[in-house]
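Report on one structure; see the data block that follows.
Bear in mind that the values in this text are calculations on the coordinates, not laboratory data. Predicted model only: the values in this text are computed from it and were never measured. Here the Cβ positions follow ideal geometry from the backbone for every residue, glycine too, while neighbour counts run over all protein chains shown.
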Amino acid sequence: MAETEGGDKTLDASEHKLREARGRGQVAVSREGAAVGTMLACLVGILLLGAHMAARVGALLVPFLDQPEQFQNLTPQGVQAIFEAGGAALCLAVLPFFGLLMAGGFLPYLLQGSITVSGQRIAPNLARISPMAGLKRLVNRKGLFEFAKSLLKVAAIGVACFSVARPVYEQSVGLVASDLAALAPLMLAALLKLLVAGTLIAAFVAAIDVPYQQWSFRHDQRMSLQEMRDELRMTQGDPHVKARLRRLARQRAQRRMMHDVPKAAVVITNPTHFAVALRYRRGEDAAPVLVAKGQDLVALRIREVAASHGVAVMENPPLARALHAGVEIGQVIPHEHFEAVAKIIGLVWAQRGIAKA
């Protein structure tokens with residue numbers, strides 16, 4: 001039983017352990033989500049910017065293919081200038097597209113909450129290049145899942161590409177004598193079909209992979225009962241120590257409370273179960289103040305201290321219970337008890353021959 005409680009990791013990871021894991025760079029992350037984001041960004045980029053990019057790139061490349069004789073007598077400096085200008089124009093044409101791709105690849109990681117900075121992930125670790133450690137990473141639950149996922153992706157993408165590319169290939173036979181400018185729309189349409197098929201497949205795989213990665217991460221972070229106890233001791237203190245500190249605090253509070261009992265004007269009792277000590281000093285206290293209270297053994301001790309210091313002890317069970325339950329030490333008694341308490345203090349003063357104010 002002790003081994004079961006201490007060794008089996010059956011408890012969900014605490015927030016403290018999850019924060020520590022994140023600090024080490026260990027987070028739940030699905031790279032399939034990034035693949036979907038990149039492909040979707042590529043698809044959106046082609047739909048929004050494809051025609052513009054194709055026109056810009058075509059304007060740069062078609063003259064080289066359609067009228068090559070214009071470039072036969074160029075000097076090396078002229079060729080260099082053409083390539084520099086063409087490269088700059090090409091970069092400007094495709095730069096928005098690549099910016100969209102970067103955003104599409106970054107956004108899924110942001111949505112998963114898997115972006116973290118940790119020096120431990122980039123620190124040298126010989127275990128990462130160990131053949132045995134690599135074999136262990138492959139032959140486990142996660143490695144087998146990644147292998148099956150890769151096979152599914154390759155098979156699905158292969159079938160999709162074949163289904164989409166075959167009609168395009170059959171149509172391309174009759175395009176040999178076509179104008180080069182007419183090829184760009186055809187290639188763009190074929191590329192869009194391939195991207196749509198690839199994005200749908202990647203989205204299907206990601207819909208399986210993202211929940212699995214979340215579950216796998218939390219499964220790997222599970223804790224044993226002993227680990228949970230150790231963490232509680234470390235973060236909140238040993239329960240035994242805390243209980244002892246609470247006991248000492250209660251004892252100190254009781255000693256301070258008993259020190260104030262001799263200053264009381266009267267102690268009201270139940271008569272045995274409850275006892276409350278009230279202080280009232282004319283000119284100093286606006287109303288009676290509860291300076292001590294307790295039940296059973298503490299109530300007995302309050303009565304003993306009161307008797308040894310000549311403090312009057314009066315029986316009034318309803319009032320004693322009400323004050324014990326509704327007033328904390330150091331607080332003024334509520335208004336609804338003023339009359340009853342005033343009568344008792346007045347009786348005590350009358351017995352002692354103290355004149356009322």
> If you count, for each residue, the other Cβ atoms within 10 Å and average over each peptide, how do 152-163, 210-221 line up from highest to lowest?
Replying inline: 210-221, 152-163
> How far is it, in nm, from the label point at R282 to the one at E328 when both lie 7 Å from their Cα along the line to the Cβ?
Replying inline: 3.2
> Over the range 261-352, what per residue volume does the convex hull of the Cα atoms give, in whole Å³?
Replying inline: 83
>> Under 19 Å between alpha carbons, and skipping anything fewer than 8 positions from K9 in its own chain: which aspartates and glutamates qualify?
In response: E20, D220, E227, D230, E231
> By the scheme Lys and Arg +1, Asp and Glu -1, what is the net charge of all other residues having a beta-carbon under 11 Å from that of V205?
Replying inline: +1
>> 5 Å is the cut-off here: which amide hydrogens, built 1.01 Å from N in the peptide plane, fall below it relative to V266, excluding neighbours closer than 5 in sequence?
In response: L278
> Sorted by mean Cβ packing within 10 Å, highest first, what order do the peptides 303-314, 269-280, 250-261 take?
Replying inline: 269-280, 303-314, 250-261
> So what are the ³J(HN,Hα) numbers for the range 260-276, from phi and the Karplus equation (6.51, -1.76, 1.60; θ = phi - 60°), rounded to whole Hz, Gly and Pro as x?
Replying inline: 8, 4, x, 7, 6, 7, 7, 10, 9, 10, 8, x, 10, 7, 10, 8, 10
> Residues with amide H under 5 Å of V29's amide H, sequence separation 5 or more or different chain, H placed in the peptide plane at 1.01 Å from N; which?
Replying inline: none
> How are the C-alpha pair distances of the range 186-231 spread across 5 Å bins, as whole percents from the shortest bin up?
Replying inline: 5, 18, 12, 12, 10, 9, 8, 7, 5, 5, 4, 3, 2, 0
>> Please arrange M228, M187 by how many other C-beta atoms lie within 10 Å of their C-beta, fewest to most.
In response: M187, M228
>> As a footprinting exposure proxy, order K17, K293 by other Cβ within 10 Å, with the fewest listed first.
In response: K17, K293
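For the cross-link pairs K242/K263; K153/K193; K263/K343, which exceed 21 Å when the distance is taken from alpha carbon to alpha carbon?
K242/K263
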> Can you give the relative contact order of the range 261-352 as a percent, counting alpha carbon pairs under 8 Å and 6+ residues apart?
Replying inline: 33
> In what sequence, highest mean first, do 95-101, 35-41 appear when ranked by Cβ atoms within 10 angstrom?
Replying inline: 35-41, 95-101
